[in-house]
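Participant: For reference, the structure I am asking about is given below.
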Amino acid sequence: MTTLVAAERELAAPQAPPAGRRKGSGMNRKPRFAIAVTVAFFVLLYLPIFAVVLFSFNTKKSLTVFEGWSLRWYQAFFNDAELTESLQTSLVVAAAAMVGSVVIGVLLAFGLVRARSRLGGAANVIMLIPLITPEIVTGVASLMLFKGVGLQPSLTTLMLAQTTFSISYVTVILRARVAELNPEVEQAAMDLGATRFQALRLVTLPVMWPAIMSAAILIFTIVFDDFVLAFFTSGVDPQPLSVRIYSAIRFGIQPSINAVGTLMLVGSLVLIAIALLIPRLFGRRGNSFDLFGG
């Protein structure tokens with residue numbers, strides 16, 4: 001009995017760490033090479049962005065010497081009729097592509113997930129092809145298609161191309177969310193007197209709103225910043241902002257372009273913040289949804 005008690009006390013006593021794992025040993029040292037590579041990565045990634053932001057406030061017309069702080073180049077941007085027109089064009093195209101691709105993408109996501117045929121699996125694979133196809137191939141193909149049907153590059157062709165290209169992104173994002181939905185919830189709503197459309201509108205769509213809004217913000221950002229597809233499908237006038245900037249820098253980089261880049265960066269950060277806040281906002285309100293009320 002005494003021997004058993006002594007053995008239990010010995011097992012319960014804290015064990016000393018092995019010699020190789022003691023504090024201060026080489027096992028716990030931070031790898032200096034990995035830290036150096038990480039620092040170099042972030043410097044190379046963010047230093048050009050920092051330079052663009054910094055020189056957008058430069059008083060001197062220089063991209064190498066910073067003399068002082070000024071809003072001169074922001075004023076030059078907003079006083080430039082061509083740049084502001086291009087900004088409006090990019091916003092209109094991004095909004096149109098966002099609305100069109102989200103509407104079609106939601107319908108496709110439901111169809112692909114709930115299709116009970118072999119075509120559903122094949123369609124799921126086909127939807128991934130535009131995501132892995134080089135964008136320059138998509139741009140050339142779109143241009144050839146529009147030329148073949150007699151459409152000249154214009155604002156209409158640009159909207160059509162951007163909307164078509166964005167549908168795959170929306171479908172892939174929403175397809176995973178639709179697959180997580182329980183169809184029995186919709187069936188319960190219909191058992192309580194709702195039509196199929198009411199069950200979709202009042203039960204299913206409120207649950208999907210965070211994913212839909214996130215997909216919409218992503219599409220708006222992608223289309224607004226896109227250059228390759230816009231270059232092949234836009235006309236001479238009006239031109240989206242990305243194409244206008246490309247045309248301007250061929251004659252030399254102006255400090256007003258830095259102001260445009262800074263504004264685009266701020267807009268992207270705002271959209272990212274909204275995308276991060278939307279799931280939390282809808283998550284808090286999701287518990288208050290009534291079956292037939294919002």
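Participant: Starting from the Cα of Phe78, step 7 Å toward the Cβ, then list every residue of region 52-71 with an amide N under 12 Å from that point.
Facilitator: Answer for this model: 71.
Participant: Sort Ile104, Ile212 so the one with the fewest other Cβ atoms within 10 Å of its own Cβ comes first. Before the final figure, lay out each step's value.
Facilitator: Values: Ile104 16, Ile212 21.
With the sparsest Cβ surroundings first, the list reads Ile104, Ile212.
Participant: Which whole-Hz couplings ³J(HN,Hα) result when phi for each residue of region 224-236 is put into the Karplus expression 6.51 cos²θ - 1.76 cosθ + 1.60, θ = phi - 60°, listed in order with x for Gly and Pro?
Facilitator: 5, 8, 5, 10, 4, 5, 5, 5, 7, 10, 8, x, 5
Participant: Taking a quarter of the surface of the convex hull around the Cα atoms of region 125-218, what do you get in nm²?
Facilitator: Approximately 8.1 nm², given one-decimal rounding.
Just so you know, all these numbers are worked out from the coordinates, no wet-lab data involved. Just so you know, these numbers come straight off a predicted model, no measurement behind them. No Cβ is skipped: glycine too gets one built from the backbone with ideal geometry, and neighbour counts run over all protein chains shown.
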